[in-house]
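Below is one structure, written out as structure tokens; comments come after it.
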């Protein structure tokens, strides 16, 4: 049985906490706090340190660490990326503004995994919503060719998040 540390990152409000909550076999540890700045019109709470969950897939244990999405909490990114085996970058398929931020996060987390060159996937979340861009359009907007896998997801659906993890496991 392998033990795998996976970091789930992405811009603000793309579904990282929901992804971890849906996938985890245990109740997640979360550091969500009430939003007090201009973003409070988007949602009531945001992750300020991390989310933690774990899931067993095909005999392997995956430890899931969700990052805060706001750059003011970016000091946690380095802490959470220590000894990561892989990472997921979630984007909101309905909000193309998250794509530019995602490209920056991919560069950051590639740098943070410098010696290990941790594999990663881009997860096009919110595929169930009206106006969601298809995966190929997300991939093209990010400027990736065949070197980066972009997979569809609905973070509220267990089968969907498990499929993302199967795709990630294939890269390990």
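The values are calculated or read from the model by the stated rules, or taken from the named source; none is laboratory data. Given the structure is predicted, the values throughout are model-derived calculations rather than measurements. When we count neighbours, we look across all protein chains shown, and the Cβ atoms used for this are built from the backbone with ideal geometry, even at glycine.
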Looking for something more than 20 Å from residue 61 (Cα to Cα) and touching a helix residue (DSSP H, G or I) at 6+ places or on another chain (Cβ under 6 Å) - is there at least one such residue anywhere in region 114-122?
no
Go through region 123-141 and report how many residues are surrounded by fewer than 19 Cβ atoms within 10 Å (Cβ to Cβ) and either assigned to a strand (DSSP E or B) or in contact with a helix residue (DSSP H, G or I) (Cβ under 9 Å, 6 or more places away or on another chain) (or both).
2
Within region 25-117, which strands (runs of 3 or more DSSP E) (wholly inside it) include 2 or more residues that are at pLDDT below 90 and surrounded by 12 or more Cβ atoms within 10 Å (Cβ to Cβ)?
29-34, 45-57
